[in-house]
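Peer 1: My questions will all concern the structure given below.
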């Protein structure tokens, strides 16, 4: 995913740092965007929390590397994103990774994103609906979700906000 492509999605991207097959506890702290075309997680450097530019549904997974429940959620999250989510129109996937919430994080942008969305439990999934650059709806769901639950949450949110996925 090029800087231009990421910038069209997130307005405050400074640079693309690297791309990974998967985000896990050994990855650098930061904000990762899923590149559906390449099947890669792209670490981006942003000025603060992501600013959503494109219309659509943004699914944000707040992950802490010291969180055992997050490792269980990974078993469902990654297959969902690659097998189902990658084919959904106007649905974008983001991971915000820190060591322990905003308190222990080597990425200022990731730390400030934890703060912006008031994340105090992990894993937490935030679903954001965007139209014309404005957030029209937002839902925060805490805890591990199975692939089926992820699918129903995202589909219900999209339908409620007028998106066909």
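What follows draws every value from the coordinates through simple rules; no lab data is involved. Remember, predicted model here, so these are calculated numbers, not experimental data. For neighbour counting, all protein chains shown are included, and Cβ atoms are generated from backbone atoms with ideal geometry for every residue, glycine included.
Peer 1: Along Cα→Cβ, 7 Å out, is where each label goes; now give me the distance between the ones at residue 54 and residue 14 in nm to one decimal.
Peer 2: So the two model labels end up 2.4 nm from each other.
Peer 1: Right, next: Most exposed first by the Cβ proxy, i.e. fewest other Cβ within 10 Å, how do 76, 29 rank?
Peer 2: Working: 76 17, 29 20.
Going from least to most buried by this count: 76, 29.
Peer 1: Further question on the same structure: If the chain between residue 132 and residue 165 were fully stretched, how many nm would it gain, using 0.36 nm times the residue separation less the Cα-Cα distance?
Peer 2: So the chain would gain 10.1 nm between residue 132 and residue 165.
Peer 1: What are the semi-axes of the equivalent ellipsoid for the range 83-165, taken as the square roots of 5 times the Cα gyration tensor eigenvalues, largest first, in whole Å?
Peer 2: Working from the Cα gyration tensor, I get semi-axes of 24, 15, 11 Å.
Peer 1: Once the piece of chain linking residue 153 and residue 5 is laid out straight, how much longer is it, given 0.36 nm per residue of separation minus the C-alpha distance between them?
Peer 2: Values: separation 148, 0.36 × 148 = 53.28 nm, distance 2.68 nm.
Separation in residues times 0.36 nm, less the Cα-Cα distance, equals 50.6 nm.
Peer 1: While we're looking at this one, here's another question. Compare the peptides 112-122, 12-22, 131-141, 93-103 by average per-residue count of other Cβ atoms within 10 angstrom and give them in order, highest first.
Peer 2: Details: 112-122: 17.1, 12-22: 14.9, 131-141: 12.5, 93-103: 20.6.
In descending order of packing, they fall as 93-103, 112-122, 12-22, 131-141.
Peer 1: Once you put a point 7 Å from the Cα of residue 71 and another 7 Å from the Cα of residue 121, both along the Cβ direction, what distance in nm separates them?
Peer 2: Taking the simple label geometry, residue 71 and residue 121 are separated by 2.2 nm.
Peer 1: Then there is this: Can you give the helix-only mean residue ellipticity at 222 nm for the chain, where every DSSP H stretch with n ≥ 4 adds -39500 (n - 2.57) and the sum goes over all residues, rounded to the nearest 500 deg cm²/dmol? Don't skip to the end; give the middle numbers.
Peer 2: Numbers: 4 runs with 42 residues, N = 165.
The helix-only estimate for the chain comes to -7500 deg cm²/dmol at 222 nm.
Peer 1: Still on this model: Would you give the gap between the C-alpha center of the range 83-149 and the C-alpha center of the range 1-65, rounded to a whole Å?
Peer 2: Taking the Cα centre of the range 1-65 as reference, the centre of the range 83-149 is 11 Å away.
Peer 1: May I pose another question? Using a simple spin-label model with points 7 Å from Cα along the Cα→Cβ vector, what separation in nm is obtained for residue 99 and residue 86?
Peer 2: The two pseudo-label positions are separated by 3.3 nm.
Peer 1: Along the three principal axes, how long is the chain when you take its alpha carbons, biggest first, rounded to the nearest angstrom?
Peer 2: Projected onto its principal axes, the Cα set of the chain covers 38, 33, 29 Å.
Peer 1: Starting at 0 and stepping by 5 Å, how many percent of the alpha carbon pairs of the range 38-101 end up in each bin?
Peer 2: Spelled out bin by bin, the range 38-101 gives 4, 14, 24, 26, 20, 11, 2 percent.
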